[in-house]
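The numbers here are math on the coordinates, done by the rules we state, and not lab data. Please read all numbers here as calculations on a predicted model, not as lab measurements. All Cβ positions, glycine included, derive from the backbone under ideal geometry; neighbour counts span all protein chains shown.
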Amino acid sequence: MLDAALEAFAESGYDRTTLDRIAELAGCSRVTIYQYASGKDDLFRRLATQAAAQMWAAFEALEDVTPDARGHASLLACISRLADIEARYEPIIRAFEAAAETDLSLAGGAASITQRAVAVFEARLVATDLPPRLLDPTVELLNTGVISALSRMSILRAAAPETYGRERVDAALADVVHRALFGALPGVNVHSRRTSPTAPVLRLSPDGRTTFDRALDLEADAARPGKRALGSILAVANSLIADRGYRGLRIDDVVRAAEVSRGSFYTYFDDIDDFVRVIGVRAIQDVSAVVRDLPVVPTRPAMRRWLRRYAEVNLTSGPLVRVWTEAIEGPLRQDRAAVTDWGRRRMATMLQSCGLGDVEIEAEILMAIVEVFGSRTRTKAELDACLMLIGRGFVDAEPAAANRPKGDRATHGKH
């Protein structure tokens with residue numbers, strides 16, 4: 001039954017999966033499913049619990065993380081275990097954030113696991129020179145960023161398997177995490193530029209391009225005189241979708257909140273599916289506008305300003321992007337890769353002149369970490385941690401503390 005549910009979620013996403021489809025794949029009836037689970041949501045929670053337990057075991061199996069090749073190998077082994085788990089539970093991990101938006105038990109469980117994983121990771125960490133106040137937020141960003149990066153890489157791998165192979169991705173992740181913890185160590189976490197396949201430019205499908213153009217046209221149309229109804233619909237759209245998700249939203253909810261007629265709704269949208277797709281694209285465009293303004297030269301002051309702006313926009317638009325990722329179906333599902341690739345390419349442009357490793361892969365890792373950072377309101381220490389992580393992990397070629405004179409080192413061993 002759980003295997004059938006996993007297959008169904010992979011086919012249709014969290015919101016579109018039906019209990020009838022799960023029963024069909026499991027070779028049983030709905031009545032039989034109800035003997036073991038209260039419904040689709042219960043099956044999703046059980047699969048999420050399985051995935052979380054296996055990830056927790058992967059962190060617990062982590063060996064000492066030291067500022068040398070042995071520590072790098074320990075990270076690589078852990079990341080490879082996490083990648084195996086992500087490959088099996090990919091539809092659950094991909095849909096988790098969208099599901100957690102409306103399921104407090106999922107959100108609370110994820111927060112608890114994150115805290116425990118940070119504690120386990122720090123217990124294995126040996127002789128890092130990270131400032132104590134930045135240690136917890138840096139490790140939290142790295143842990144959640146790795147999971148997010150693996151999920152995003154799965155989307156890209158489906159469209160370009162030769163470019164985003166597991167071995168290449170796992171190695172790049174291990175390099176970034178090790179550099180963030182210990183600085184650049186040539187031969188350990190900094191290598192000659194690999195002659196790997198160049199990442200192709202992934203384009204939107206014709207239908208996807210049409211949807212993006214429609215979102216732009218509606219935005220412009222709403223600013224014209226006499227378009228009060230459209231303006232009202234757009235004004236309430238973000239909060240409605242973020243609060244209720246795709247699954248719980250109805251046309252009546254939209255027209256009631258916007259104080260317009262159903263006829264006004266149908267003037268601009270075919271149905272609720274069309275509404276979610278277009279409003280989701282509108283949110284993607286909001287986030288993309290910020291990503292487009294990424295500093296060409298990633299100085300600390302410029303990145304600090306940019307991260308603050310990104311977080312401000314992503315707090316509002318990020319939940320809608322996650323709902324859109326799950327809501328689209330059919331031919332439009334391939335557009336997830338094009339949307340993911342756009343942010344990766346913008347990051348790669350910045351890293352080309354100052355990146356330390358496999359720029360094309362590390363650009364997507366950086367995009368994943370930035371997205372995780374912008375997923376909730378952050379403290380000053382968390383902002384400083386993200387800035388330091390970007391500097392040490394992606395762009396700073398300064399020798400690591402392990403290579404400096406001993407008088408310059410400040411270690412914080414956790415044993």
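Thinking of the stretch 259-316 as a set of Cα atoms, what percent of all their pairs are more than 14 Å apart?
65 percent
Per the helix-only calculation at 222 nm, which mean residue ellipticity applies to the chain, given -39500 (n - 2.57) for every DSSP H run of n ≥ 4 and division by its residues, nearest 500 deg cm²/dmol?
-23500 deg cm²/dmol
Can you give me the Cα centroid spacing of the stretch 203-265 and the stretch 115-133 in angstrom?
Cα centres, the stretch 203-265 to the stretch 115-133: 45 Å.
Give me the angle, in degrees from 0 to 90, between the Cα long axis of helix 2-16 and the longest principal axis of the Cα atoms of the chain, rounded to the nearest 10.
In the chain, helix 2-16 runs at an angle near 60 degrees to the longest axis.
Sorted by packing (mean other beta-carbon atoms within 10 Å per residue), highest first, where do 28-38, 13-23 land?
Listed from highest to lowest mean packing, they are 13-23, 28-38.
Can you give me the distance in nm between label points at A87 and E162, each placed 7 Å from the Cα along the Cα-to-Cβ direction?
Each label point is offset 7 Å from its Cα along the Cβ direction, giving 2.0 nm.
Helix 359-373 against the longest principal axis of the chain: what's the angle in degrees, Cα atoms only, rounded to the nearest 10?
The angle comes out near 70 degrees.
Taking every pair of distinct Cα atoms and averaging 1/r, then inverting, what Kirkwood hydrodynamic radius in Å comes out for the stretch 167-321?
By the Kirkwood definition, the hydrodynamic radius is 18.8 Å.
What number in nm² do you get for the chain if you take the convex hull of its Cα atoms and divide its surface by four?
21.3 nm²
Under 14 Å from a point placed 7 Å out from the Cα of S353 along the Cα-to-Cβ direction: which residues of the stretch 157-195 have their backbone N that close?
Answer for the stretch 157-195: none.
Treating the Cα atoms of the stretch 173-226 as identical point scatterers in vacuum, please give the log10 of the normalised Debye intensity I(q)/I(0) at q = 0.23 Å⁻¹, two decimals.
Here log10 of I(q) over I(0) equals -0.92.
Compute the helix-to-body angle for 300-327: its Cα long axis versus the longest principal axis of the chain, expressed 0 to 90° and rounded to tens.
Compared with the principal axis, the helix lies near 40 degrees.
Using +1 at the Cβ of each Lys and Arg and -1 at the Cβ of each Asp and Glu in the chain, identify which of A311, A26, V372 lies farthest towards the dipole's positive end.
Of the candidates, A311 comes out farthest on the positive side.
Show me the ranking of peptides 380-388, 150-158, 359-367 by mean Cβ neighbours inside 10 Å, starting with the highest.
Averaged packing, sorted descending, gives the order 359-367, 150-158, 380-388.
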